[in-house]
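A.B. asks: Input: one structure, supplied below.
Every read-out reported here was derived from the displayed coordinates using simple, explicitly stated rules and does not represent laboratory data. Predicted model only: the values in this text are computed from it and were never measured. Positions of Cβ are backbone-derived with ideal geometry, glycine not excepted, and every protein chain shown enters the neighbour counts.
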Amino acid sequence: MLEIKNLHANINGKEILKGLSLSVRPGEIHAIMGPNGAGKSTLSSVLTGNPAFEVTQGKITFMGKDLLELAPEERANEGIFLSFQYPVEIPGVSMVNFMRTAINEQRKYRGLEPIAATDFLRLMREKKELVEMDNKLTNRSVNEGFSGGEKKRNEIFQMAMLEPRLAILDETDSGLDIDALRIVANGVNKLKSPDNASIVITHYQRLLDYIVPDFVHVLYDGRIVKSGTKELALELEEKGYDWIKKEVEKAP
Amino acid sequence: MKEINNEANFNSSLVGRLGGVEYINLYKQYNEDIKAHSASVLNAGRDASFELFEELGFPTSKLENYKYTDLTEPLSVDYGLNINRVKIPVNPYEVFKCDVPGIHSYLYFVLNDGFYPVHDERNDELPQGVIIGSLSEISKSHPELVEKYYGKLSAKQKDGLVAFNGAFAQDGFFMYVPENVQMDRPVQLVNIMRSDVDFMANSHNLVIVEKGAKAQLLVCDHTMDDVRFISNRVTEVFVDENASYEHYKLENTHTRTTNLSTLLIEQKESSSVLANVITLHNGITRNTIEIDVNGEHCETLLCGMVIGDKKQQVDNFTSVIHSKPNCHSTELFKYVLDDVAKGGFTGKLYVARDAQKTQAYQTNKNILLNRTAKMRTKPQLEIYADDVKCSHGATIGQLDESALFYIRQRGIPEKEARLLLMFAFTADVIENIRIDALQDRIKMLVEKRLRGELSKCEGCVICQ
């Protein structure tokens, strides 16, 4: 589904990703962990086409297409969804209008007619229930005045609405209390299917108690330096990242 | 619609020439005619206005108050003036279709510089006591009413355009809403410019909203012919105790128009005023707006919005004067400028020494869509009271890149994403339109305008 090979990327001329490779197949959940500054968020930005980042080397294919050739909106409509670490407030754009526009753009991309009003409302209702989202929030402007937890829940709500093939959750757990974390994780788990995949970027093992990964990768200094199963996450939680840093530095 | 009239007769009064001096000579030469075709109440201060104009001349951009508007070029055009009130044989009720569906307004026209007198049955249901009509006619039928108010605000202005208007305006729109009368529908005044030759119009509007009364006025500016137009209009509004008044001004004129408009509002105790000035399409526009909050416990909301591209210029020069304590004013102006459009905003806020407990907030936010559009903004606060809450903020920027990426990440193409953000940017000004049908319509017009489509109303010429 997703194939990243030897990816190098810069921001403002500074190289952050230094030869990252990763392969994701349908139905899999990959956790990406790593210390601050390792390049975790850069990876999510590059995958989604954030224009602030420049890819200098490497290749990304998604569903057989050269992802780097596609604009951010095309990648989104191919089925890549990013749950932002810091969701943006957009005063004046209502959630309803935003979601309707997004859904219809996705349908247009796939050669479908715009969604019928009643279907749209039903879809909104269903997905709101999934993430236990308050009606008040969907009647407001996008993320405007939302608490940290509400913003993250809103990301998962949008993900549920757009039903991506590949969901990238960028530190979705940061700033969440345990109840919100459970709701968010629950939403993610309910959306899981044999056809879609997730990349879960996180600092802490905690989220992985709720969203159980098939693979855990450690990102350090712009590369994946270690991969394993969920037990690796537990080991990291226990021992921190220092032993990995040492291992990497020892290697030639 | 070029076959308008008795051409010879019409042209005989077209003697306007460029520059202040030629207008001064014109006034002296046609003084009797100007007065003969107006009303004595309106003539009372005419010579004084003229003398003031002689002293001031037309404003130039060297003046602090006009530094964002340069009228040299538009004033160099040889405009016609219709001093002898030659009738223009066009019925705006027939040619003009307002496309604000469902607004159900009481509808009136000022055609160039005169109130269009034809009776329209839609206006038969005016509430009892309400008087709406031609300023010059009502100056004759109700001289005591007009005399009490006419020129009371404009005579205080030391402004060449207002003085010029006082000298040359012979007619305009008049509205009187008596004590405790609540207007059931908005009143709509459409200023239409219609001429086969380059043309100047001066008109003076007078609005009186008595104690406890309530009224909404929507003023639409339109141009019909592909000639150079200049209009210089002064509107005086008196809002008495506990009265509520909403003033909407929607400009949709063509690029060969110079629209000079002065709106002067006086508020008495516990009154509420909303003024919302929207420029969707224009040539050169100068809006001078002054609200004199002259009573305690008043509410004032002054907002506006500009969408400008090509070579359009819009200058909103605003003053809110707090003379009495315990009042609350909010000012909000937003501009979206593209191409080589130029915007100017001045927000004067004056809080007199006795106006304690004033709360006054001012915001001007602007988006420049490229490097060639220009915006100049100037908050100007003069606060002489020591127990007040006042704030101001002005920003000039581009669309928020992080928001743009966020929207695109949801599958919305860049062009649509930009549109969503621009539309969102203007949303809070549009929300301050309290006539639902108008709000819906403006949303639609703004969206069309932002998409680069012409947002023209029917019966209106808009050039590319």
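A.B. asks: Just how far, in whole angstrom, is segment B:198-241 from segment A:168-194 if you go by their alpha carbon centroids?
C.D. replies: Taking the Cα centre of each part, segment A:168-194 and segment B:198-241 sit 58 Å apart.
A.B. asks: Another one. Summing +1 for each Lys or Arg and -1 for each Asp or Glu, what net charge is found among the other residues whose Cβ lies under 15 Å from the Cβ of B:Ser244? Walk me through the intermediate numbers first.
C.D. replies: Values: positive: B:Arg185, B:Lys211, B:Lys214, B:Lys268, B:Arg434; negative: B:Glu179, B:Asp184, B:Glu210, B:Asp240, B:Glu241, B:Glu246, B:Glu266, B:Glu269, B:Glu299.
Net local charge, B:Ser244 excluded: -4.
A.B. asks: Multiplying the sequence separation of A:Val212 and A:Ser23 by 0.36 nm and subtracting their Cα-Cα distance, what value in nm do you get? Write out the running numbers ahead of the final one.
C.D. replies: Details: separation 189, 0.36 × 189 = 68.04 nm, distance 1.79 nm.
Fully extending the segment from A:Val212 to A:Ser23 adds 66.3 nm.
A.B. asks: Which angle from 0 to 90°, rounded to the nearest 10, does the C-alpha axis of helix A:230-239 make with the longest principal axis of chain A?
C.D. replies: Its long axis makes an angle of about 60 degrees.
A.B. asks: Between B:Gln29 and B:Lys158, take the C-beta separation as r, use R0 = 22 Å, and let me know the FRET efficiency to the nearest 0.05.
C.D. replies: Numbers: r = 26 Å, r/R0 = 1.18.
Calculated value: 0.25.
A.B. asks: Same structure again: Please state the shape class of segment A:162-225: rounded when a/c is under 1.5, otherwise prolate if a/b exceeds b/c and oblate if not, all from the C-alpha gyration tensor. Walk me through the intermediate numbers first.
C.D. replies: Working: a/c = 1.93, a/b = 1.16, b/c = 1.67.
Because a/c hits 1.5 or more and a/b fails to exceed b/c, segment A:162-225 counts as oblate.
A.B. asks: Return the percentage of antiparallel bridges among DSSP beta bridges fully within chain A, rounded to the nearest 5 %. List each step's numbers first, then the result.
C.D. replies: Values: 25 of 42 bridges.
Once the DSSP bridges in chain A are tallied, antiparallel ones form about 60 percent.
A.B. asks: Let me ask you something else. From the gyration tensor of the Cα coordinates in the protein assembly as shown, what semi-axes in whole Å does the equivalent ellipsoid have, largest first, with each one equal to sqrt(5λ)?
C.D. replies: Working: eigenvalues 756, 126, 112 Å².
So the equivalent ellipsoid measures 61, 25, 24 Å along its semi-axes.
A.B. asks: I would also like to ask the following. Taking a point 7 angstrom from the Cα of A:Val55 along the C-beta vector, which residues in segment A:28-48 have backbone N less than 18 Å away?
C.D. replies: Under cut-off, by backbone N: A:39-48.
A.B. asks: Sticking with this structure for a sec: Taking Cα centroids, how far is segment B:252-292 from segment B:126-192 in Å?
C.D. replies: Cα centroid of segment B:252-292 versus Cα centroid of segment B:126-192: 16 Å apart.
A.B. asks: Still on this model: Could you order peptides B:382-391, B:68-77, A:67-76, A:5-14 by the average number of other Cβ atoms within 10 Å of their residues, highest first? Write down the numbers at each step before the final one.
C.D. replies: Numbers: B:382-391: 12.5, B:68-77: 17.1, A:67-76: 19.7, A:5-14: 14.6.
In decreasing order of mean packing, B:382-391, B:68-77, A:67-76, A:5-14 become A:67-76, B:68-77, A:5-14, B:382-391.
A.B. asks: Right, something else. If the viscosity is 0.890 mPa s and the temperature 25 °C, what Stokes-Einstein diffusion coefficient in µm²/s follows for chain B when Rh is the Kirkwood radius over Cα pairs?
C.D. replies: Details: Rh = 22.5 Å.
Answer, rounded: 109 µm²/s.
A.B. asks: Roughly how many nanometres apart are two label points built 7 Å out from the Cα toward the Cβ at B:Ala48 and A:Lys65?
C.D. replies: 7.4 nm
A.B. asks: In degrees between 0 and 90, to the nearest 10, how far off the longest principal axis of chain A does helix A:178-191 point, with axes built from Cα atoms?
C.D. replies: Tilt of helix A:178-191: around 80 degrees.
A.B. asks: For chain B, list the DSSP H helices whose alpha carbon atoms reach 18 Å or more along the long axis and whose average Kyte-Doolittle value is -0.5 or above? Intermediate values should be presented prior to the final figure.
C.D. replies: Values: long enough: B:19-36 (25 Å, -0.82); B:414-431 (25 Å, 0.55); B:436-450 (21 Å, -0.47).
Answer set is B:414-431, B:436-450.
A.B. asks: Could you work out the relative contact order of chain B, using alpha carbon pairs under 8 angstrom and six or more residues apart, expressed as a whole percent? Each step should come with its number before you reach the end.
C.D. replies: Values: 1156 pairs, mean separation 52.4, N = 464.
Here the relative contact order equals 11 percent.
A.B. asks: Same structure again: How about A:Lys190: which lysines have a C-alpha closer than 30 Å to its C-alpha, ignoring those fewer than 8 places off in the same chain?
C.D. replies: A:Lys40, A:Lys65, A:Lys108, A:Lys127, A:Lys128, A:Lys136, A:Lys151, A:Lys152, A:Lys226, A:Lys230
A.B. asks: So for the pair B:Tyr384, B:Asn370, with labels modelled 7 Å out along Cα→Cβ, what separation do we get in nm?
C.D. replies: For B:Tyr384 paired with B:Asn370, the spin-label model returns 4.7 nm.
A.B. asks: Report the Cα centroid-to-centroid distance between segment B:76-115 and segment B:318-379 in angstrom, as an integer.
C.D. replies: Using only Cα atoms, the two centres lie 31 Å from each other.
A.B. asks: Could you check the spin-label model distance between B:Glu447 and A:Asn97? Points 7 Å from the Cα along Cα→Cβ, value in nm.
C.D. replies: Each label point is offset 7 Å from its Cα along the Cβ direction, giving 0.8 nm.
A.B. asks: Quick one: helix A:117-130 against the long Cα principal axis of chain A, what's the angle to the nearest 10°, folded into 0 to 90?
C.D. replies: Helix A:117-130 sits at roughly 50 degrees to that axis.
A.B. asks: Next question. Explain nothing, just the number: dipole magnitude of segment A:1-145 about its Cα centre with +1 on each Lys and Arg Cβ and -1 on each Asp and Glu Cβ, in debye rounded to the nearest 20. Display every interim value, and only then the final one.
C.D. replies: Working: 18 positive and 18 negative charges, 24 e Å.
It comes to approximately 120 debye.
A.B. asks: Would you mind checking A:Lys14/A:Lys239; B:Lys211/B:Lys374; B:Lys62/B:Lys311 for any pair whose Cα atoms are more than 32 angstrom apart? Don't jump to the answer; show the numbers that get you there.
C.D. replies: Working: A:Lys14/A:Lys239 30 Å; B:Lys211/B:Lys374 43 Å; B:Lys62/B:Lys311 21 Å.
Where the Cα-Cα span goes over 32 Å, the pairs concerned are B:Lys211/B:Lys374.
A.B. asks: Which whole number gives the average count of other chain Cβ atoms within 10 Å of the Cβ atoms across peptide A:134-145?
C.D. replies: 1
A.B. asks: Using a 10 Å cut-off on Cβ atoms, rank the peptides B:20-32, B:313-325, B:166-178 from the highest mean neighbour count down. Kindly include the intermediate steps, with their values, before the conclusion.
C.D. replies: Details: B:20-32: 14.9, B:313-325: 23.2, B:166-178: 24.9.
So the order, starting with the most tightly packed, is B:166-178, B:313-325, B:20-32.
A.B. asks: Can I ask one more? Counting other C-beta atoms within 10 Å, which of A:Asp66, B:Asp47 has the fewest, and how do the rest follow?
C.D. replies: Details: A:Asp66 10, B:Asp47 14.
The order, fewest Cβ neighbours first, is A:Asp66, B:Asp47.
A.B. asks: Let me ask something else about it. Excluding residues fewer than 8 places away in the same chain, name every one of the aspartates and glutamates whose C-alpha is closer than 15 Å to that of B:Lys148.
C.D. replies: Within the straight-line cut-off, B:Lys148 pairs with B:Glu210, B:Glu236, B:Asp240, B:Glu266.
A.B. asks: For chain B, what is the calculated [θ] at 222 nm in deg cm²/dmol (nearest 500), taking -39500 (n - 2.57) for each run of four or more DSSP H residues and dividing by its residue count?
C.D. replies: Numbers: 12 runs with 112 residues, N = 464.
After summing the helix terms and dividing by the residues of chain B, the value is -7000 deg cm²/dmol.
A.B. asks: Assuming R0 = 60 Å, can you tell me the calculated FRET efficiency for the pair A:Tyr86 and B:Val21, based on Cβ-Cβ distance, to the nearest 0.05? Let's see the in-between values first.
C.D. replies: Numbers: r = 63 Å, r/R0 = 1.05.
For R0 = 60 Å, the calculated efficiency reads 0.45.
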